[in-house]
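Structure, as structure tokens:
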Amino acid sequence: MNPATISEQLSNASSVPIDVITAIEASRSPIVISHIVPDADALGSMLAVALGWTDKGRIVKASIPESSLSQKLTFMRDHAGVPIATKNDFERADAFIVLDTARKDRCNVGAELRESDWSRGRPIINIDHHATNTRFGNVNWIVDHASSSCELAYLLLRHAERPITPMAASLLYAGTLTDTLGFSLPTTSPDALRAAADLVEIGADVADLGERLFRSHKQSEFDLLRVIYANTKRVGAGRIAYSSASYDEIHNAGCKASDIDDQITVPRSLDGVQLAMLFSEGRPGKTRINFRGSGTVTVLKLAQQFGGGGHAQAAGAILDCGLQEAIDRVIPKAVEFLNDAGNS
Ligand SMILES: [Mn+2]
């Protein structure tokens, strides 16, 4: 990277704590981890950190259990070429770098390890932008106003003077792009745009990522979108829109639970909708709910009523019940929530 062309100003709000860098530097065989059903921000941040810190004295592996990855984002793992951590690697690792993950029990370590004490006292470095992060690391760097974990990972790599290849720049750009919904959400700060500009300068492939992330639906993903459109309903005087996908509907479309990602944009795209929800039954008897707020409406407290978490205007929860029961439980609370919020 040419320092003269990369923005000199790194905002003080985002200045990287030195103990984060020290903890990563001290490791020799760390594993990067992100949240279950990793999105582009989770994958981009973990893979770029892994690429940046792999050198003669350190091999960084990534925890990405095969079944956890969506069809759409497989290219990020394949392009990065970061070695995937096995159970054996978990035994031998000397640190865990967790990105974009609010709670330790959301770590994407695979079904077998998730129930166990997989870190066993070894250091956890926790880097995230979720407001509800529980600070479960030994070292924690949580910036809840950051656009994305990729923005934080970019700042981290630069402060630590670790390399950012054009490939890593593409990975980081992908997460910043998608977590801000194409630089269209209020989280699109000057810092986010500066980071994105720097990443393009370094060599992020903007056109290729746009194509892959926004204009490359597999037929199965497209068929699932049809279901989401068809199932969209409006309640609460039109201010709430929600849609749903049952277990059978997901599977009949040729998709899996891991393919449920940004379909919430469908009910959210209706004019006048302030609160959007997507109910998806990825496994029978387990219903995931995505919540999105627009304008002044925040949804985090509503998600927390159901044991969920996330960001002020983008949150999620999982209920141990079927689709219809989840809808019946959540919709009345959502209507009440919007009325109580005084947003009429
Ligand atoms: Mn994120």
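The values are calculated or read from the model by the stated rules, or taken from the named source; none is laboratory data. Because the structure is a prediction, the values reported are computed rather than measured. Because the Cβ atoms are built from the backbone with ideal geometry, glycine has one as well, and the counts that use them run over all protein chains shown. In case anyone asks, the SASA skips ligands and DNA or RNA and just uses the protein heavy atoms, side chains included. Shrake-Rupley method; radii C 1.70, N 1.55, O 1.52, S 1.80 Å.
Scanning region 132-152 for residues that are within 14 Å of the ligand (Cβ to nearest atom) and either over 19 Å from Val16 (Cβ atoms) or not assigned by TED's automatic domain parsing to the domain that holds Leu47 (or both) returns a single hit, Thr132. Screening Ser244 against (1) of a type in the set (S, T, N, Q); (2) open to solvent by 30 Å² or more (accessible area, probe 1.4 Å); (3) outside any loop (DSSP other than H, G, I, E, B) leaves a single unmet condition, (2).
Scanning region 46-84 for residues that are of a type in the set (Gly, Ala, Ser) and open to solvent by 20 Å² or more (accessible area, probe 1.4 Å) turns up Gly57, Ser67, Gly81. Based on what the data block shows, is Thr187 open to solvent by 40 Å² or more (accessible area, probe 1.4 Å), within 16 Å of the ligand (Cβ to nearest atom) and in the same structural domain as Lys72 (by TED's automatic domain parsing)? Answer is yes for this residue. Any chance region 40-52 includes a residue that's in a loop (DSSP other than H, G, I, E, B) and more than 16 Å from the ligand (Cβ to nearest atom)? Scanning region 40-52 turns up no residue that is in a loop (DSSP other than H, G, I, E, B) and more than 16 Å from the ligand (Cβ to nearest atom). Scan region 105-131 for residues that are open to solvent by less than 70 Å² (accessible area, probe 1.4 Å), away from the ligand (no atom under 16 Å from the Cβ) and among the charged types (D, E, K, R) and the total you get is 1.
With respect to the conditions (1) open to solvent by 50 Å² or more (accessible area, probe 1.4 Å); (2) in contact with a Cys (Cβ under 8 Å, 6 or more places away or on another chain), Thr287 lacks only one, and its number is (1). Of all the residues in region 153-166, those that are away from the ligand (no atom under 16 Å from the Cβ), surrounded by 19 or more Cβ atoms within 10 Å (Cβ to Cβ) and hydrophobic (A, V, I, L, M, F, W, C) number 2. Considering region 85-104, the residues that are under 23 Å from Pro163 (Cα atoms) and either buried (at least 23 other Cβ atoms within 10 Å of the Cβ) or hydrophobic (A, V, I, L, M, F, W, C) (or both) include one that is nearest to the ligand (Cβ to nearest atom), namely Asp100.
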